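Below: one structure, written as structure tokens.
Nothing in this text is a laboratory measurement; each read-out follows from the coordinates by a stated rule. Note that the coordinates shown come from a computational prediction; the quantities given were computed from them, not determined experimentally. FYI the Cβ positions are ideal-geometry reconstructions off the backbone, even for glycines, and counts take in every protein chain you see.
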Amino acid sequence: GAVVSQHPSRVICKSGTSVKIECRSLDFQATTMFWYRQFPKQSLMLMATSNEGSKATYEQGVEKDKFLINHASLTLSTLTVTSAHPEDSSFYICSAKEGLAPVYEQFFGPGTRLTVL
Amino acid sequence: SQELEQSPQSLIVQEGKNLTINCTSSKTLYGLYWYKQKYGEGLIFLMMLQKGGEEKSHEKITAKLDEKKQQSSLHITASQPSHAGIYLCGADIMGREGSNYKLTFGKGTLLTVNP
């Protein structure tokens, strides 16, 4: 199957700093990428959907200015957590697919664990 | 709001026992996915179901999608400790803007298998 990588796998930062997480599709072109967050013992919650070259679509309750998403190329999307606070500590997972329709399989990255002190 | 209802939320079984996890939607599902995850790790794709009445098996895991494409079940036969983890059902839901499908998840089922 296709491979999606995330970097870094773990990051610890101080409150008030910004953190950037990268999501890359390694062997396919990802028209669409998704960002999820997951709290302990909870399911994945979709944060936003990004299509290459256009603005991301955020889910209700997700702050656009807090979580900046850039899908600059067909293989790279970045999530920047701005002015991070301890409540932003979570497991962030990205996923990517080649096309919009459900027939295209969605491939998940291994996740990034963010800890804000 | 959670568009997929998954049950049970947690399940503890003795090794060797069979178990079933259910996933229900009020809407017709275009694609139903089952994943396994250990918290803090990525998702492991198990199966995808698209057609009403479809059933797929992999090793000791069988997944079914009902004829109306609104309910799916995941069945594990003769469970083993290696089956322990979080099982997530996901479905393609039409985005608000009407042009994008997004994979959203149920709340997950935490499975513990006692040796």
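Observations, loosely collected:
- For the Cα trace of chain A, dividing Rg by the Kirkwood Rh returns an Rg/Rh value of 0.95.
- Residues whose placed amide H lies under 5 Å from that of A:Ala30, excluding near-sequence neighbours: A:Thr75
- The simple Förster model, with R0 at 30 Å and r as the Cβ-Cβ distance, assigns B:Lys60 and B:Tyr30 a FRET efficiency of 0.65.
- Karplus-derived HN-Hα couplings along the stretch B:34-47 (A = 6.51, B = -1.76, C = 1.60, θ = phi - 60°), whole Hz, x at Gly and Pro: 10, 10, 10, 8, 9, 4, x, 10, x, 8, 9, 6, 9, 7
- The string of couplings for the stretch A:46-57 from the Karplus curve (6.51, -1.76, 1.60, θ = phi - 60°) is 5, 9, 6, 10, 10, 10, 4, x, 10, 6, 6, 9 Hz, one whole number per residue in order, with x for Gly and Pro.
- For A:Ala84, nonlocal amide neighbours, meaning residues 5 or more places apart or on other chains whose placed amide H falls under 5 Å from its own, are A:Gly16, A:Thr17, A:Ser18, A:Val19.
- By the count of other C-beta atoms within 10 Å, a proxy for reagent exposure, A:Asp65, B:Asp92, A:Asp88 are ordered fewest to most as A:Asp65, A:Asp88, B:Asp92.
- Checking the cross-link pairs B:Lys38/B:Lys107; A:Lys20/A:Lys41; B:Lys17/B:Lys51; A:Lys64/B:Lys27; B:Lys69/B:Lys107; A:Lys97/B:Lys102 against a 22 Å limit on the alpha carbon distance flags A:Lys20/A:Lys41; B:Lys17/B:Lys51; A:Lys64/B:Lys27 as lying beyond it.
- Evaluating 6.51 cos²θ - 1.76 cosθ + 1.60 at θ = phi - 60° for every residue in the stretch A:109-117, the Karplus couplings come out as x, x, x, 10, 8, 9, 10, 10, 8 Hz, glycine and proline recorded as x.
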